[in-house]
1. As a footprinting exposure proxy, order Phe145, Phe151 by other Cβ within 10 Å, with the fewest listed first.
2. Test of understanding: ordering Met229, Met221, Met53 by Cβ neighbours within 10 Å, fewest first, what list do you get?
3. For the range 194-209, take each phi angle, set θ = phi - 60°, evaluate the Karplus expression 6.51 cos²θ - 1.76 cosθ + 1.60, and give the result in whole Hz per residue in order, putting x for glycine and proline.
4. What share of all Cα pairs of the range 65-127, in percent, falls into each consecutive 5 Å distance bin?
5. What 222 nm value per residue comes from the helices of the chain, counting each DSSP H run with n ≥ 4 as -39,500 (n - 2.57) and dividing by all residues, nearest 500 deg cm²/dmol?
6. Tell me the label-point distance for the pair Lys181, Glu39, using the 7 Å Cα-to-Cβ offset, in nm and rounded to one decimal.
7. Test of understanding: in a Gaussian network model of the chain with alpha carbons linked when under 10 Å, which of Ala117, Ala41, Ala189 would top the mean-square fluctuation ranking?
8. Angle check, please: helix 17-34 long axis (alpha carbons) against the longest principal axis of the chain (alpha carbons), in degrees 0 to 90, nearest 10.
Amino acid sequence: MRNILKADCYKSKSSHALWIILGAMTAFCWISVLIGTYENADTARISIGKDIMVPFFACAAYGAILLSEDFSNGAIRFYIAAGYKKSSILIAKLIHYLAGCSVLLFLYPCLSVLFIAVVKGTETSIAHIALQLFFDFLKVLPLYFGLLGIFFLFAFVMKKGSIVAGVSIASAIILVVFTNKFYDFGVSALKYSPITQMGLVYDGKLSFAYCIAVIISLAVMTLCILGSMERFKRDELL
């Protein structure tokens, strides 16, 4: 598994997919800054954190590129032929995917908000904002795991990058739109949804609903990993 992770890291450095996606995310945010969307870095931190569509799209695209590439270029067949267990291959891919998405979820708001701090200024200080960004990342990351698990499952089921990206992005849109709409209509049970809590964590302290949402997110990710493994074991790739 260690050798697979090393190979994935080498491919990531040569493909630059992670940094291209991150660059596109921050570029759109910087354009918004220049046209006057945000007043200062303090309010921008909350606004960017609550806008979960951009990170969703980025993680979906990154998953499609990273996870489906090895199916299309034959690397998965090579790993199996070399004697690696399918479970080791899947775990290595999962670690690599979660690490890449964590980089996106951390650096995107950091680069965006710090740029806003330079251009628009702050109500507090850059050090205070940087610390808040770090705590925001720690609070919101577990809530993303469930959706990342779904994207991971899509990649192992469908394998083709364009299909994986399309289905992942469409699923993210549907989940976010319907969850927010029904929550706004008064379906109080949706306060336990990870998607709902992604926005609510920026409104104040962590709540019992947040803890439940984290458990649900981790449970969904676990089920998706098990489903991916079951499908991967049934595939005849050689």
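1. Phe145, Phe151
2. Values: Met229 17, Met221 22, Met53 12.
Sorted ascending by nearby Cβ count, the order is Met53, Met229, Met221.
3. After applying 6.51 cos²θ - 1.76 cosθ + 1.60, I find x, 5, 5, 5, 4, x, 6, 5, 7, 8, x, 6, 6, 10, 4, 4 Hz.
4. 4, 14, 17, 15, 10, 8, 8, 7, 7, 6, 3, 1
5. Numbers: 10 runs with 195 residues, N = 238.
So the helix-based figure for the chain works out to -28000 deg cm²/dmol.
6. 3.2
7. Sorting by GNM fluctuation, first place goes to Ala189.
8. Approximately 20 degrees, to the nearest 10.
Values in this text are rule-based calculations from the coordinates and carry no lab data. Just so we're clear, the structure is a prediction, and the values are computed from it rather than from any experiment. Glycine also receives a Cβ, built like all others from the backbone with ideal geometry; neighbour counts cover every protein chain displayed.
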